[in-house]
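Enquirer: Please see the structure below; I have some questions.
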Amino acid sequence: MSVFAVLFCLATAASAGPRLSVDWAAFAGSGDSTRVEVFYAVPYGMLDYSEFEGGLEAMFAVRFELRGTGFEQEATLYRRAAIESFAAAEAAKRSFVDGFSLAVLPGRYSLRVTLLGLDEPAEAEEPGMVELDAHADSISVPAFTGRPDLSTLQLAAGIIHDTVTGGFSVVPNPARSFGGDGAERVFFYCEGYNLSAAADSYNLKVAIVRAAAPETLVASPQTRFKGARVQTAAALGLSVAGLVPGDYRLAVVLDDRATGARAERSARFRIAGEEEERASGVTYRLQMTQLEAHYHDRLEFIASPRELAYYEALSDSGKQVFLTRFWSRHNLAEFARRMETARERYRVAGTDGIRTDRGRIYIKYGEPDGIERREIEVDRRPREYWRYFNQGYAFVFVDVTGSNDYRLVWTNSPDETRTGYESMLTPDEQEMFR
């Protein structure tokens, strides 16, 4: 499983008083340890903003403290949140979602997560922090040894199946709040452990029941699989359409059909009313200008081959979640600006500038730190040398045909493949760059 370990925006509906939401889940770790993953959501309205590059930004910190018998761990994570405007953030009811992971021994712990406002960026010292909210909980971290067992359930606003790795990407929902317009499914992720390869098959059953009474309201078809490996993972979504606002419980049961061994886990969640906070996979969306919307799905110019293969294999709804995740790690406004600049600056004889080698490199790496042009030399085509000093990259472009369409003939960037023009480097260039 992979979790969105970067800060991104989640659209929720605001309640009367925005509060920090925290959730956690436990999975088998290495050796005797258990991996605890903690997720939190910060409503945009809890933060103080200042103007920054055409939008608004807020600096904040999250301090976590985990204490148990003979164990104590704490750390402070510094974060930056950005919104286009207060009006846009209010319209989308923004929250900022992030998480962290740590390895502990099984047992009971006290968990405290504190949201801190910062007077300055990450250099702020302790006196510059102001406590905005805190969440405290007592958690019981299980051991997963000896018999068939399930991890705790991680409730989610969305699940993406990675067709490249076979794993899952989980969109956390720390508030465990579902329902409302467009939010008609509750998703969960869990792992199964200590399965017997000799077992004929296992059944996985999932149901939504009332929290106050053992009445099954929604049930999924049984999922049957062979016990071909000692560990497996499951990720499903159940419809909550028609459920009235209130508290519910998601129950998951794993049965070994041959021996009768059973593992069970459950997790409480809430169906929100109109005035309550909501979390929805389909409302994970980007707030974009018209220019950004024009370019936000042109991933071939910036994504890795692996990311592109993953993206192309997704459904339409999965692509929307992926794009939100992707642009939380990249600057969409800067990407759109580079696309527009490349179109005009590197246009050649009717060829769109983004389709030229110089345009492609400009979009991917940005403005070079230095450009050296050699245009009039005997027995040598015009060329340009681009250098990116921070990365240590160099690019050599040559006007191969004399049409001003400079082709990339050499680079030391590991992200680029061989160009086929390397033989055009002169001996002095080979000495200069190699």
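The values are calculated or read from the model by the stated rules, or taken from the named source; none is laboratory data. Remember, predicted model here, so these are calculated numbers, not experimental data. So basically every Cβ, Gly included, is an ideal-geometry build from the backbone, and we count neighbours across all protein chains shown.
Enquirer: So, of the residues in the stretch 96-138 that are at pLDDT below 85 and either closer than 13 Å to VAL42 by Cβ or aliphatic (A, V, I, L, M) (or both), which turns out to be surrounded by the fewest Cβ atoms within 10 Å (Cβ to Cβ)?
Expert: It comes out as ALA122.
Enquirer: What is the residue count in the stretch 85-116 for residues that are touching a helix residue (DSSP H, G or I) at 6+ places or on another chain (Cβ under 9 Å), of a type outside the set (Gly, Ala, Ser) and not in a strand (DSSP E or B)?
Expert: Total meeting the criteria: 3.
Enquirer: Looking at the stretch 416-434, which of its residues are surrounded by 11 or more Cβ atoms within 10 Å (Cβ to Cβ) and either of a type outside the set (A, V, I, L, M, F, W, C) or more than 23 Å from GLY353 (Cβ to Cβ) (or both)?
Expert: GLU416, THR419, TYR421, GLU422, LEU425, THR426, GLU429, GLN430, MET432, PHE433
Enquirer: Please find, within the stretch 76-89, the residue that is farthest from PRO18 (Cα to Cα) out of those that are more than 19 Å from the chain's Cα centre (by Cα) and touching a residue at least 24 places away in the same chain (Cβ under 8 Å).
Expert: THR76
Enquirer: State all residues of the stretch 321-340 that are surrounded by fewer than 18 Cβ atoms within 10 Å (Cβ to Cβ), without any contact (Cβ under 8 Å) to a residue 40 or more places away in the chain and under 21 Å from VAL170 (Cβ atoms); if no residue qualifies, say none.
Expert: The answer is HIS330, and nothing else.
Enquirer: Would you check if there is a residue in the stretch 51-58 being over 21 Å from ALA157 (Cβ atoms), not aromatic (Phe, Trp, Tyr) and not in a strand (DSSP E or B)?
Expert: yes
Enquirer: Counting only residues that are within 27 Å of GLU307 (Cα to Cα) and at pLDDT 85 or above, give me the strands (runs of 3 or more DSSP E) lying completely in the stretch 322-434 with at least 3 of them.
Expert: It comes to 383-388, 393-399, 406-411.
Enquirer: Of VAL218, VAL252, VAL240, which residue is touching a strand residue (DSSP E or B) at 6+ places or on another chain (Cβ under 7 Å), crowded, with 17+ Cβ neighbours inside 10 Å and at pLDDT 85 or above?
Expert: VAL252
Enquirer: Taking the options GLU372, GLU344, name whichever one is surrounded by fewer than 13 Cβ atoms within 10 Å (Cβ to Cβ), out of contact with any strand residue (DSSP E or B) (no Cβ under 6 Å at 6 or more places or on another chain) and free of Cβ contacts under 8 Å to residues at least 24 places away in the same chain.
Expert: Criteria check complete, one pass: GLU344.
Enquirer: I would also like to ask the following. Of (1) acidic (Asp, Glu); (2) surrounded by 13 or more Cβ atoms within 10 Å (Cβ to Cβ); (3) over 20 Å from VAL141 (Cβ atoms), GLU65 satisfies all except one. Which?
Expert: (3)
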